[in-house]
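*Asks:* Input: one structure, supplied below.
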Amino acid sequence: MHLDHAFRPTTDEIRCAILWALDHDRAALVEHRASAHLSLRSPLRRAADARLVRRWLEASAISSVLTCAMAA
């Protein structure tokens with residue numbers, strides 16, 4: 001997945017990121033929910049979705065690296 005300025009996460013990615021945030025990053029969830037009540041077409045909503053998914057992907061990547069390192 002290419003994470004550039006025009007990054008637009010899928011609905012499934014947003015859902016997974018929200019579920020991850022519920023368990024692992026309440027601050028990210030609160031930040032997202034502050035904008036999530038806006039229309040789906042709102043640039044603020046899309047930006048909030050993208051930020052949350054990026055945090056989830058970054059955390060997942062770090063977790064994967066740590067898991068691989070511990071298994072070695």
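Quick note: the coordinates plus some simple rules give every number you see, no bench work behind them. Here the structure is a predicted model, which is why all the values come from computation and not from measurement. Reconstructed Cβ throughout: ideal geometry from the backbone, glycine too, with neighbour counts over all protein chains shown.
*Asks:* Where residues in the range 26-49 are of a type in the set (A, V, I, L, M) and not in a helix (DSSP H, G or I), which of them is nearest to Thr10 (Cα to Cα)?
*Replies:* Here the answer is Leu40.
*Asks:* Restricting to the range 5-25, name every residue that is in a helix (DSSP H, G or I) and surrounded by 16 or more Cβ atoms within 10 Å (Cβ to Cβ).
*Replies:* Those that are in a helix (DSSP H, G or I) and surrounded by 16 or more Cβ atoms within 10 Å (Cβ to Cβ): Glu13, Ile14, Cys16, Ala17, Ile18, Trp20, Ala21.
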